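The values are calculated or read from the model by the stated rules, or taken from the named source; none is laboratory data. Since we're looking at a predicted model, the values are computed, not measured. All Cβ positions, glycine included, derive from the backbone under ideal geometry; neighbour counts span all protein chains shown.
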Amino acid sequence: MKKKISLLVALAVAAVAVAVGVAAARADTGPPWGPETPNFNLEVILRPAAGGPYGGFGLVKFRQPNDATKIVYLDTWVRDLAPNRSYSLQRAVDTNVDDNCTGTNWLTLGQITTDGTGTGRAALSRDLAAIPLGMAFDIHFRIVDTATMAVVLESGCYQFAVSQ
């Protein structure tokens, strides 16, 4: 009886060891996107700016794959904006990473055109080859009406670090 219990305990310990080994192996093989800390991938929420459209909303899926290139993909979606209108996605950064976006160096990243219901999508990208690996910064985004340059949506402050 003692031999059977000892054998069962030994088998249970071996099973746990195998399970831990499998879990550790899976932890090393993740998706081909940058790690989460520091932030390499962001879900940027865009909310109405002061004086912007009531109920307007946007999302920027900011992704940098783990590969040799330093390209950031900016899948952008807006809704409840003026129909059949052109907008620009812009960003500003500052290198004092403190959760306080003070950058005013607005750069246009691409255009978004809304349909008849005020919804628009754009698959944009930005090449970060000139920026050193590991460089971190505060970043914020906004959507501006291309015709009037009025800010209609804006984000909070996010942090990003360049990876490869």
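Filtering the range 15-68 down to residues that are β-branched (Val, Ile, Thr) and modelled with pLDDT under 85, which residue is nearest to ASP145 (Cα to Cα)?
Filtering the range 15-68 for residues β-branched (Val, Ile, Thr) gives 16, 18, 20, 22, 29, 37, 44-45, 60.
From the residues that got through so far, the ones that are modelled with pLDDT under 85 too are 16, 18, 20, 22, 29, 37.
Working: VAL16: 58, VAL18: 57, VAL20: 53, VAL22: 51, THR29: 42, THR37: 33 Å.
Per the criteria, the residue is THR37.
When you go through THR146, THR119 one by one, which is the residue that is touching a Lys or Arg at 6+ places or on another chain (Cβ under 6 Å) and among the polar types (S, T, N, Q)? Before the answer, list the steps.
Values: THR146 fails: touching a Lys or Arg at 6+ places or on another chain (Cβ under 6 Å).
Only one candidate qualifies: THR119.
Residue-by-condition table, conditions (1) of a type outside the set (S, T, N, Q); (2) surrounded by 14 or more Cβ atoms within 10 Å (Cβ to Cβ); (3) touching a helix residue (DSSP H, G or I) at 6+ places or on another chain (Cβ under 6 Å):
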site: LYS61; (1), (2), (3): yes, yes, no
site: ALA82; (1), (2), (3): yes, yes, no
site: ARG85; (1), (2), (3): yes, yes, no
site: SER88; (1), (2), (3): no, yes, no
site: THR95; (1), (2), (3): no, no, no
site: THR104; (1), (2), (3): no, no, no
site: VAL144; (1), (2), (3): yes, yes, no
site: TYR158; (1), (2), (3): yes, yes, no
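Pairs only if they're at least six apart or on different chains, beta carbon under 9 angstrom, first in the range 134-157 and under 17 Å from GLY118 (Cα atoms), second among the acidic types (Asp, Glu); list them, first residue then second.
If the second residue must be among the acidic types (Asp, Glu), the pairs left are ARG142/GLU154; ILE143/GLU154; VAL151/ASP145; VAL152/ASP145.
When you go through (1) in contact with a Lys or Arg (Cβ under 9 Å, 6 or more places away or on another chain); (2) buried (at least 16 other Cβ atoms within 10 Å of the Cβ); (3) at pLDDT below 95; (4) over 19 Å from LEU128 (Cβ atoms) one by one for VAL78, which number turns out not to apply?
That leaves (3) as the condition not met.
Can we say GLN111 is farther than 17 Å from TYR158 by Cβ and surrounded by 14 or more Cβ atoms within 10 Å (Cβ to Cβ)?
Details: farther than 17 Å from TYR158 by Cβ: yes; surrounded by 14 or more Cβ atoms within 10 Å (Cβ to Cβ): yes.
Considered against the rule, which asks whether it is farther than 17 Å from TYR158 by Cβ and surrounded by 14 or more Cβ atoms within 10 Å (Cβ to Cβ), GLN111 comes out as yes.
Scan the range 55-68 residue by residue and report those that are of a type outside the set (D, E, K, R) and in contact with an Asp or Glu (Cβ under 8 Å, 6 or more places away or on another chain). Full working, then the answer.
Here is the first cut: in the range 55-68, the ones of a type outside the set (D, E, K, R) are 55-60, 62, 64-66, 68.
Scanning the range 55-68 gives GLY55, GLY56, PHE57, LEU59, VAL60, PHE62.
Can you tell me which residue is nearest to LEU109 (Cα to Cα) among those in the range 46-63 that are part of a strand (DSSP E or B) and not aromatic (Phe, Trp, Tyr)?
Only one residue fits best here, namely VAL60.
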